[in-house]
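The values are calculated or read from the model by the stated rules, or taken from the named source; none is laboratory data. Here the structure is a predicted model, which is why all the values come from computation and not from measurement. Cβ atoms come from the backbone with ideal geometry, glycine included; neighbour counts cover every protein chain shown. With ligands, DNA and RNA removed, areas are computed over all heavy atoms of the protein, side chains included. Shrake-Rupley method; radii C 1.70, N 1.55, O 1.52, S 1.80 Å.
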Amino acid sequence: MNVLKYDLWENIPGTTNTKPFIMHYVPVEQVTKSAILIIPGSGYGVSPSRAPQEGERVAKYLCEKGINVFVLEYRVAPDRYPLPILDGRRAMRYIRFYSDKFGIEKDKVAVIGYSAGGHLTASLTSFLDSLEYENIDDIDNESFIPDMQVLCYPVISLNGDNYYTNIGSAKNLLDTRYEELKDSLSMENTVVENIPPTFIWHNFDDSAVNVVNSFRYAETLRKKGTSVELHIFPDGNHGIGLPVDDRKDYNHNKKWIELLWDWFCYNGFFE
């Protein structure tokens, strides 16, 4: 495979401490015009590139199967809302704008997000408010809404009044705007309809992001008629991504990616 880097803007909008970009994993033999964007976890406060088990490792696994895969490096604290979400939207728009160059179909782009990256992923389907710094060029004319979403032990709630909220992610993203935005950016409160098919997996013993996050979001999607596949593993705690260690729980849990592959095929994503 070949790995290429693309900056999302020439002139990055908003104050920033990190340059947002995507890494493109190009398959040797492309078998589908579908594509996948991966958004690693971060707690909205740690560089996503520090989680190779969520980014690079999964990208290589999927790329070796013949899929174009992109991994997003997005801004986190001390950069605050709306910049991380803006970066997620821009990545989707960038991939679609250059879809001909990448050899993909712009209506077959899925997103896989982990932990706080799962919150960012869910925001692409479930939070459609306009953001500052949008609509600055032709790339921004593309849709940022993915065709399918995959949430891996996702942060969903940002309201600290909920016992299942990861308050660290909430404060890192919202900072001084926490009280103003904690409810509207809690994805279980989404008012959006027609949310695309969703795959969710979580570990029941997750001590960092309570599994109730996944339950609440799945229940919201059920009420909206969204197609959802939900898998709960008994243990493995948080942040395991695609593990390589030889551990009983890891060896059991890493079948999530096989279940995901079957889900993609079941939904005709690779046709």
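For beta carbons closer than 7 Å, sequence separation of 6+ or different chains, a first residue in the stretch 255-271 that is closer than 13 Å to S34 by Cβ and a second that is surrounded by 12 or more Cβ atoms within 10 Å (Cβ to Cβ) and small (G, A, S), the qualifying pairs are F269/S34; F269/A110; F270/S34.
Taking the stretch 221-241 as the range and being on the phi > 0 side of the Ramachandran plot and either open to solvent by 20 Å² or more (accessible area, probe 1.4 Å) or touching a helix residue (DSSP H, G or I) at 6+ places or on another chain (Cβ under 7 Å) (or both) as the test, the residues that pass are G225, G236, N237, G241. With respect to the stated conditions, S130 is outside any helix (DSSP H, G or I) and polar (S, T, N, Q). When K19 is tested against (1) out of contact with any Asp or Glu (no Cβ under 7 Å at 6 or more places or on another chain); (2) surrounded by fewer than 21 Cβ atoms within 10 Å (Cβ to Cβ); (3) under 28 Å from S169 (Cα atoms), just one condition goes unmet, and that condition is (1).
Residue pairs whose Cβ atoms lie under 6 Å apart, separated by 6 or more positions or on different chains, with the first residue in the stretch 163-180 and under 16 Å from R75 (Cβ atoms) and the second outside any helix (DSSP H, G or I) and among the hydrophobic types (A, V, I, L, M, F, W, C), are S169/V155; N172/A77. Among the residues making up the stretch 41-98, a single one is assigned to a helix (DSSP H, G or I), open to solvent by 10 Å² or more (accessible area, probe 1.4 Å) and either of a type in the set (S, T, N, Q) or touching a strand residue (DSSP E or B) at 6+ places or on another chain (Cβ under 6 Å) (or both): S49. Kindly indicate whether any position in the stretch 104-114 is open to solvent by 10 Å² or more (accessible area, probe 1.4 Å), assigned to a helix (DSSP H, G or I) and on the phi < 0 side of the Ramachandran plot. Checking the stretch 104-114: not a single residue is open to solvent by 10 Å² or more (accessible area, probe 1.4 Å), assigned to a helix (DSSP H, G or I) and on the phi < 0 side of the Ramachandran plot. Residues that are farther than 24 Å from D206 by Cβ and outside any helix (DSSP H, G or I) within the stretch 249-271 comprise N267, G268, F269, F270, E271, listed in sequence order. Restricting the first member to the stretch 80-104 and to residues that are under 12 Å from K33 (Cβ atoms) and in contact (Cβ under 8 Å) with a residue 60 or more places away in the chain, and the second to residues that are among the polar types (S, T, N, Q) and open to solvent by 10 Å² or more (accessible area, probe 1.4 Å), the beta-carbon pairs closer than 8 Å and six or more apart or on different chains are G103/Q30. Looking only at the stretch 121-129, decide whether some residue is in contact (Cβ under 8 Å) with a residue 60 or more places away in the chain, open to solvent by less than 50 Å² (accessible area, probe 1.4 Å) and under 18 Å from K19 (Cα atoms). Looking for residues that are in contact (Cβ under 8 Å) with a residue 60 or more places away in the chain, open to solvent by less than 50 Å² (accessible area, probe 1.4 Å) and under 18 Å from K19 (Cα atoms), one finds none in the stretch 121-129, hence no.
Determine, yes or no, whether H252 is more than 19 Å from P40 (Cα to Cα) and surrounded by 11 or more Cβ atoms within 10 Å (Cβ to Cβ). Show your work before the answer.
Working: more than 19 Å from P40 (Cα to Cα): yes; surrounded by 11 or more Cβ atoms within 10 Å (Cβ to Cβ): yes.
Considered against the rule, which asks whether it is more than 19 Å from P40 (Cα to Cα) and surrounded by 11 or more Cβ atoms within 10 Å (Cβ to Cβ), H252 comes out as yes.
Checking each residue in the stretch 214-242 for being over 18 Å from the mean Cα position of the chain (by Cα) and in a loop (DSSP other than H, G, I, E, B) picks out G225, P234, D235, G236, N237. Among the residues of the stretch 202-220, those identified as farther than 12 Å from G239 by Cα and buried (at least 24 other Cβ atoms within 10 Å of the Cβ) are N213, S214, Y217. Residues that are assigned to a helix (DSSP H, G or I) and either of a type in the set (D, E) or surrounded by fewer than 22 Cβ atoms within 10 Å (Cβ to Cβ) (or both) within the stretch 184-201 comprise E188, N189, listed in sequence order. Take the residues in the stretch 152-183 that are outside any helix (DSSP H, G or I) and β-branched (V, I, T), then tell me which one is farthest from the chain's Cα centre (by Cα). Only one residue tops the list, namely T165.
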